[in-house]
Amino acid sequence: MSEYFFLLITTALVNNVVMVKFLGLCPFMGVSKRIDSALGMGLATTFVIVLAASVCWNIEHWLLAPLGLGYLRLLTFILVIAAVVQFTEMVVHKMAPSLYQMLGIYLPLIATNCAVLGLALINIQEKHSFVTTVIYDFGSALGFTLAMVMFAGMRERLSLARVPAVFTGAPIAFVLASLMSLAFMGFSGLNFK
Amino acid sequence: MGLIEKFLHNLKAPHWGVHPDDHKRPAADAPIRVLPLPARLYVPLQQHVGQAARPIVLVGQKVLKGQLIGEPQGRISAPVHAPTSGTITAIGDITAPHASGLPFDAITITSDGLDQAIEVDVPADPFALSPTEITNLIAAAGIVGLGGATFPASVKMALGKRSEITTLIVNGGECEPYLSCDDRVMRDHAADVVDGVRLMMYGMGAKEALVGIEDNKPEAIAAMRKAASHFPKVKIRPVPARYPMGSDRQLIQTLTGKEVPSDCRAADVGVIVNNVNTAYCVHRALRFGEPLIRRIVTINGGAVWQPGNLMVPIGTLAADLFEFVGLKSEPARLVMGGPMMGTVISHANIPVVKGTSGFLALSEEEIPHSEAGPCIRCGNCTSVCPIGLLPLEMAARVRAGDLDGASTMGLSDCISCGCCSYICPSHIPLVQYFSHAKGDLWAQERSKLKMEAAKKLAVDRAARLEREAKEKAEAAARRKAERDAAKAAEAAAKAAAAATESTATTTETVS
Amino acid sequence: MLAAVTSLTALGAILGCGLGVAARKFAVEGDPLADEIEAMMPGSNCGQCGMAGCSAVAKAIAEGSATVTICPPGGKALATALAAKLGISVDLGDVVDSGPQIAQVKEEICIGCCRCMKACPTDAVVGAAKQIHNVIREACTGCGSCVERCPTEAITLRPVPVTLQHWVWPKPEIEAEA
């Protein structure tokens, strides 16, 4: 049991998908101006990652591997991810119209979020079991949401600060992201043994 | 003062506020002088919070001192009286004693020099009247809060009636530097002030009155103690001298230990605060029938020859006051009120209103000359804020245009005391940010209300048009029906006539 | 080969059917966002934005084909509220906020034709035939519908005069850059 707990911590903090693995940087920079939209994005992506990765694991395990169709993996996974994103878009549009408007183009762009495909592929590469897959993806998605919300919070503070003119907007955001990444590196010192 | 005493003193002192040089003396030590009657008085119609008074005199009309010239309109308003006898020569614009320098309506009275008062009946013993009658008399005398907020005193008392008032707090704090009109009224008219306090207590049914006086006014404390010695219900309470002690919430907390919640009035904790000068005016109104037509005004500042306090009719121009006391040099800055919360005025042709506590003519050395710098996040503003707000964070939000963010940090609780701007080592005009933001929020609120009202009007109009169209259609249908009915009746009548005729013919034929 | 084609086709079919069912189930009737926006609009259907009524504008804003600054009577306040609702940032410096305006009748030229009265969406014009008309300040939204109707050009839009009650402290000049 504690193994799963450590897996959660490791994926969320030590090997944070954004800050350490540098996956999913597009929404990280794009939808992090406000905390509420960042949180919405994080939750939508969490939903997509967990659902897509578990479907992909099953397809790999029951369909592609037995039939020896490993070369179709990328194609199938993208197909699944695109469908899941479509589904998510419908749900968000119905349940939270203003969040739908707020996320704008970034909502369908979850399909091209490399964190989603990346995690699905890592699961296969690392030969995870199904339960491990779910926890691994959930932890990673949690880490993604955490990074998004923290970064959005800092950017909200940043909008009040007097930033030199050359640095306003994206440049200072990149500086901030690199500092945050450095801070996350600190987690690699965690030792559970 | 020994070190331990000093420590204990500090321990007792409030943890908020600032302590600027008070500059009160020597002006506070000179007895009140009476200003010779000016030739013209400009009596504004809006000298109080709420709706402006409505003028009830005509140009050319002769008025007597104390005659009603503007009657209140609306629920929160106050009447205006003629400060002297003379002729109304104009009703029109004069520069308002306001930071904007915009004009407002005033009645100009040219004095006839006689200062003839209108005859009034004075109650023999005001304590024989009912509390409601006392409130009505105070309302009729046009008495408003003379501390500067100018809230109509009678409305305040009426508001207090809704909640149980146990304590009347009389504000003799006068924490603003330079000003000494409250100090002076307590020294020169202590017995009258105490009488006014007792009348107000009776009017609002309070059980006790606490007179808070800052401990930098020992003479006023002594005079008031002496005057109040026969009245155990009127208690004189020295309070530590600290700006803004004269703010009602701070004074209430210091004297009673009760904190007024942010969305409540003082009356909700059973307290009503009134200024000592208001108490003096209540005494004049109820014992002598004199409405609020004159007040004590402090004239002070480095450029003034003979600083002091003057008894001045309402409507006198600041220029007349400065002429009377004499100016040493061209003042570098004119201020109405105190230096902390007062208003910088661009010229001296501004009338004394009910809420004017003083005019300052500051010399070059007395005004700060410093450019605003960036915030260094020292946090001094947060430690002096009497409300416990975070001025630096609020100002950052206002600067970025995030008014909602500033509101959630408690912008509406800011009392604009100016402690933060005073203490700021970078000289950031923090309080101006808050004044701007509060004004902007108000404007937004107003436009929202207007939009809602417009929406309602549009809906009502649509309903009306529909109803009219329906009525028109119904009327047309009715007319048509009537026409048809008439036609039918006509036809029937014709037919009947024809029938009778034919019957007649038949009968004839038969016969 | 056959296995690959079959499995991919099957997968595509299954996912397609799933999405079809979901689309049926989560169908959005109307545009809830447009309704929310419409509730925020002034609702006087004045047509100053160039569209047919407030609900059309609300729909356009929800679709993103109109900017949040489109409504002149709503002014800055509405633009800010809409921007917050939609989570977009808007440069209010660009809003031609001439400030709130109201209509004013020039009494010398008014002939009392009652045309403006009928055009006013909020019944802000009062008057009768052959009598000088007047505008009720509190009810006028400054939409300008009456201006075009007036045959004698007696109605003009004027900025609401700043009075003591409406004056707002100016924002301090930004401090010297560090």
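Values quoted throughout were computed directly from the atomic coordinates according to the rules given, and no laboratory measurement underlies them. The shown structure was predicted, so the numbers you read here are calculated from the model rather than taken from an experiment. All Cβ positions, even for glycine, are placed from backbone atoms using ideal geometry, and neighbour counts span all protein chains on display.
Database remark: amide H of C:THR156 closer than 5 angstrom to the amide H of C:GLN104, C:LYS106 (H placed geometrically; neighbours at sequence offset of 5 or more, or on other chains; Pro and chain starts carry no H). Look at the stretch B:400-410: the mean tally of other chain Cβ atoms within 10 Å of its residues' Cβ atoms is 2.
The calculated FRET efficiency for C:ALA27 paired with C:HIS166, based on their beta-carbon distance and R0 = 51 Å, is about 0.60. The Cys residues in chain B with no partner Cys Cβ within less than 4.7 Å of their Cβ are B:CYS175, B:CYS181, B:CYS264, B:CYS281, B:CYS375, B:CYS378, B:CYS385, B:CYS414, B:CYS417, B:CYS419, B:CYS424. Could you check which residue among C:ALA52, C:ALA84, C:ALA13 shows the biggest mean-square fluctuation in a GNM of chain C with a 10 Å Cα cutoff? Fluctuation is largest for C:ALA13. The Cys residues in chain C with no partner Cys Cβ within less than 4.7 Å of their Cβ are C:CYS17, C:CYS49, C:CYS54, C:CYS71, C:CYS110, C:CYS113, C:CYS114, C:CYS120, C:CYS140, C:CYS150. Candidate cross-link partners of B:LYS62 among the lysines, defined by an alpha-carbon separation under 27 Å and a same-chain spacing of 8 or more, comprise B:LYS354. Could you tell me the relative contact order of chain C? Use alpha-carbon pairs under 8 Å, at least six residues apart, and round to a whole percent. So the answer I get is 17 percent. Averaged over the residues of peptide C:160-167, the number of Cβ atoms from other protein chains lying within 10 Å of each residue's Cβ is 5.
Let me test this: with uniform point scatterers at the alpha carbons of chain A, what is the Debye-based log₁₀ I(q)/I(0) at q = 0.09, 0.13, 0.18 1/Å? These q points yield log10 I(q)/I(0) values of -0.35, -0.71, -1.20.
Cross-link check: pairs B:LYS24/B:LYS226; B:LYS161/B:LYS450; B:LYS6/B:LYS438 evaluated at a Cα-Cα cut-off of 30 Å; pairs beyond the cut-off: B:LYS161/B:LYS450; B:LYS6/B:LYS438. Between B:ALA496 and C:CYS114, the C-beta separation translates, for a Förster distance of 60 Å, into a calculated FRET efficiency of about 0.75. Let me test this: with uniform point scatterers at the alpha carbons of the range B:334-447, what is the Debye-based log₁₀ I(q)/I(0) at q = 0.22 1/Å? Calculated log10 I(q)/I(0) at the listed q: -1.22. If you look at the Cα atoms of the protein assembly as shown, you get an Rg and a Dmax of 38.0, 145 Å. Over the range C:32-92, calculate the relative contact order: mean separation of alpha carbon pairs under 8 Å at least 6 apart, over the residue count, as a percent. The value is 27 percent.
Here the range B:25-67 is scanned for amide nitrogen atoms under 17 Å from the site 7 Å beyond the Cα of B:GLN306 along Cα-to-Cβ, giving B:26-38. Whole-percent P(r), the range B:45-167, all Cα pairs, 5 Å bins from 0: 2, 10, 16, 19, 20, 15, 9, 5, 2, 0.
Each part gets one Cα centre, and for the range A:125-193 versus the range A:43-117 those centres are 21 Å apart. Seen from all directions on average, the range C:101-159 presents a Cα convex hull projection of 3.2 nm². At the listed q of 0.05, 0.09, 0.12 Å⁻¹, the Debye profile of chain B, built from one uniform point per Cα, gives log10 I(q)/I(0) equal to -0.28, -0.69, -1.18.
Across the cross-link table entries A:LYS94/C:LYS59; B:LYS156/B:LYS456; A:LYS94/B:LYS448, which are compared at the Cα atoms, the separations over 27 Å belong to B:LYS156/B:LYS456; A:LYS94/B:LYS448. Length, then width, then depth: along the principal axes, the Cα atoms of the range B:3-112 run 69, 35, 25 Å. Panel order for B:LYS258, B:LYS480, C:LYS59, by other beta carbons found within 10 Å of each beta carbon, from fewest to most: B:LYS480, B:LYS258, C:LYS59. Seen from a random direction on average, the alpha-carbon convex hull of the range C:1-157 projects onto 14.0 square nanometres.
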